[in-house]
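Student: Below is a structure I'd like to ask you about.
We did not get these values from a lab; they are worked out from the coordinates using the rules stated. If you're wondering where the values come from, they're calculated on a predicted model, not measured in any experiment. Please note: Cβ atoms are built from the backbone with ideal geometry, for glycine as well, and neighbour counts cover all protein chains shown.
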Amino acid sequence: MASKVASPRFWSRGLSLAAERATCPTKSIRLATIPSQRFLLRSYRPAAIRAGQRRTFTSTSRRSLAELDHSVDPRQQYRESDQVDVCIVGGGPAGLSAAIRLKQLANEAGNEDFRVLLLEKAGELGDHIVSGNVVEPSALSELIPDWNSEDNPNRFEPVTPATVDRMRFLTKNRSIPIPAPPQMNNHGNYIISLNQFTKWLGERAEEVGVEIYPGFAASEVLYTPDGCVKGVATNDLGVARDGTPKASFERGMEFHARVTLLAEGCHGSLSKQVIKKYDLRRDCQPQTYALGIKEVWEVQPEKFQKGLVVHSMGYPLPSDTYGGGWMYHFGENMVSLGLVVGLDYPNPWLAPYGEFQKMKHHPLYKSVLEGGKCISYGARTLNEGGFQSIPKCAFPGGALIGDTAGFLNVPKIKGTHTAMRSGMLAAEATYTALSGNVEGSVFLYDYEDKLRASTIWSELKEVRNMRPSFHTPLGLYGGILYSGLEAYILRGKTPWTLKHAGPDHEATKLADQCKKIEYPKPDGKISFDILTSVSRTGTNHEEDQPCHLHIKDWDKHAQMEWPKYKGIENRFCPAGVYEYIEDDSKELGVRFQINAQNCVHCKTCSIKVPDQDIEWRTPQGGEGP
């Protein structure tokens, strides 16, 4: 039986639980019957991040690599394995909600040996979570009814009730009040730090017996001989940049499960593989994405309005680019603000990071930020395709949940509640399927049915035409007018469903067809250079490891992209990862460079690069922001 005592440090908790299971037959018969696994998880440790060892951020790398032993092929070495009932990849709200619901059902049925294991690539739960979050608590209240009760000593305390909603259309110097659609009414919602919430949710998962392993980066999907998913494997540790093993080499580990739930978030690397293998997008439209860039500030007390929720459209984005800004006042003198930019923007000279820095100098934002202090920075892509871009979510041996499947409600600017609910529905379908003593592979038909009968489906169907309406010939203003018509009158009851224009990378025009955009120099008070911002993410990657931003041939990439787009990678990346450096020895006069250690795991590159030759892979476990 799993311990019911929560620990604030999931890593040590995970190791101790694994050691208990490995040494005590009553903890897990399946693990204890294999002697080689007795101290398996105790010895398997992802790359640790130690205080004072964060690496500096670079714009041009110059690396000297260690002497390596080329006689061993690490891929031929045996991988240890563990068998569980359910393996969940991703420790965000969807994955943790699924894990909690599974153990709730198992514990209620007296099946406390039912093993639910959750893998998270971040060093600690919440480290890779980026969201300016106003949460609708409907799913949370269903999962943990007393989550905010004064009688609950473990309640989630750092919540700020949303009290005032404001919607503004910005010109360069003006802020024009406009009516917000009813979907954006935040009465009864709460402003939270999703990072803090995820950590809290992880503690609740531990209390019911979920096994949580942060720092374990799942990098490979495992299949049975008949083609069903049977689990995942974590990546190898101690591999040099050229792929050969270092003295610290350690083979990855396999986690076999009767059901595998993928909760990687937007554009997950394993999810992409599964979607392609099983053709899960065969009946839906292409997914479309946006990049969200965020900062958290501590502002002067006289400028703080607790519970204020502000959204803006218009400036600084051009009229052919979808997006908008936000500013949420929460906690004590804390402000979360950011800019979301649709990645179907056409102008390759546009830099989302530069647009965000410009936005902060608008009087609406600057008046709040002046005299304050920027505390943190982050960036992450998000799904914007909505209803018509939802793929088939069940596959042989598992399912897609949360933002992996694309359940974000764009007009509502919310996705946490739908992510959590999808995880709970998948958990219920999974437990029902596994309780039937099914032999062989499991297919979660019930999950697909539950989704279609849920509020996720009805909610996204109602607003399905709003986001694609901005692709009409009327552009931004036509989209605003049509969205207002949908929000107040039509309410999704129209017999038509508008289509998205296509994949985001196809929207990119040639550089010589577009106006070049020059961004003002940051002042170091309100706006900042990109490397200063990246330093605030705390991102860290071991330099002597295979580049997790995989391009087969850097020179060929430069030859394809530079003449047509003049360094679009420099501009779409919000972390200074990509650059072109003057180099007379190259035919183009420039050399393409990847500074992978700066990566904040936003996934923009694999979405927006025009020739689609960048593959984002998981680096060593525990690394990143």
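Student: Tally Lys and Arg at +1 and Asp and Glu at -1 over the other residues with C-beta under 12 Å from the C-beta of L143: what net charge comes out?
Tutor: Cβ neighbours under 12 Å give a net charge of +1.
Student: Among the lysines, which have Cα under 16 Å from the Cα of K199 when same-chain residues fewer than 8 positions away are ignored?
Tutor: K121
Student: Taking only C-alpha pairs under 8 Å that are 6+ residues apart, what is the relative contact order of the stretch 485-625 in percent?
Tutor: Values: 159 pairs, mean separation 42.4, N = 141.
This gives 30 percent for the stretch 485-625.
Student: Applying a 10 Å radius around every beta-carbon, put 586-599, 321-334 in order of their mean neighbour count, most first. Intermediate values should be presented prior to the final figure.
Tutor: Working: 586-599: 18.8, 321-334: 21.6.
Highest mean packing first, the order is 321-334, 586-599.
Student: Relative contact order of the stretch 406-565: what whole-number percent is it, with Cα pairs under 8 angstrom and at least 6 residues apart?
Tutor: Relative contact order here is 15 percent.
Student: So for the pair S138, W496, with labels modelled 7 Å out along Cα→Cβ, what separation do we get in nm?
Tutor: Rounded to a tenth, the inter-label distance reads 2.8 nm.
Student: Counting DSSP beta bridges with both partners in the chain, what percentage is antiparallel, nearest 5? Walk me through the intermediate numbers first.
Tutor: Working: 61 of 87 bridges.
Taking every DSSP beta bridge with both residues in the chain, the antiparallel ones total about 70 percent.
Student: A further question on this structure: Under 11 Å from the Cβ of G567, count the other residues' Cβ atoms, weight Lys and Arg +1, Asp and Glu -1, and hand me the total.
Tutor: Working: positive: K564, K566, R571; negative: E561, E569, E579.
Neighbourhood net charge equals 0.
Student: I'd like to compare 489-500, 602-613, 446-457, 348-359: which one has the highest average count of other Cβ atoms within 10 Å, and what's the full order after that?
Tutor: Details: 489-500: 12.2, 602-613: 21.0, 446-457: 16.9, 348-359: 23.0.
Top of the packing list down: 348-359, 602-613, 446-457, 489-500.
Student: Here's something else I'd like to know. Among [x] 37, 31, 24; [y] 45, 32, 24; [z] 48, 25, 23, find the value of semi-axes √(5λ) of the Cα gyration tensor in Å that was calculated from the structure presented, and write down its label.
Tutor: Structure-derived value, by its label: [x].
Student: Label the stretch 82-137 by shape, choosing from rounded, prolate and oblate, from the square roots a ≥ b ≥ c of the eigenvalues of the Cα gyration tensor; if a/c is under 1.5 it is rounded, and otherwise prolate applies when a/b is larger than b/c, oblate when it is not. Please list the in-between numbers first.
Tutor: Values: a/c = 3.83, a/b = 1.56, b/c = 2.45.
Oblate, since a/c reaches 1.5 and b/c is not below a/b.
Student: Rounded to the nearest 0.05, what FRET efficiency do E582 and D242 give with R0 = 41 Å and r taken as the Cβ-Cβ distance? Could you check?
Tutor: Working: r = 26 Å, r/R0 = 0.64.
About 0.95, to the nearest 0.05.
Student: So how far, in whole Å, is the C-alpha centre of the stretch 266-335 from the one of the stretch 465-537?
Tutor: Using only Cα atoms to place each centre, the spacing works out to 12 Å.
Student: Defining a contact as two alpha carbons under 8 Å apart and six or more residues distant in sequence, what relative contact order in percent does the chain show? List each step's numbers first, then the result.
Tutor: Working: 1385 pairs, mean separation 115.4, N = 625.
Dividing the mean separation by the residue count of the chain yields 18 percent.
Student: With the cut-off at 26 Å, tell me which of the pairs K230/K276; K246/K586; K461/K509; K412/K493; K272/K358 have Cα atoms farther apart than that.
Tutor: Values: K230/K276 17 Å; K246/K586 32 Å; K461/K509 31 Å; K412/K493 18 Å; K272/K358 34 Å.
Check vs 26 Å cut-off fails for K246/K586; K461/K509; K272/K358.
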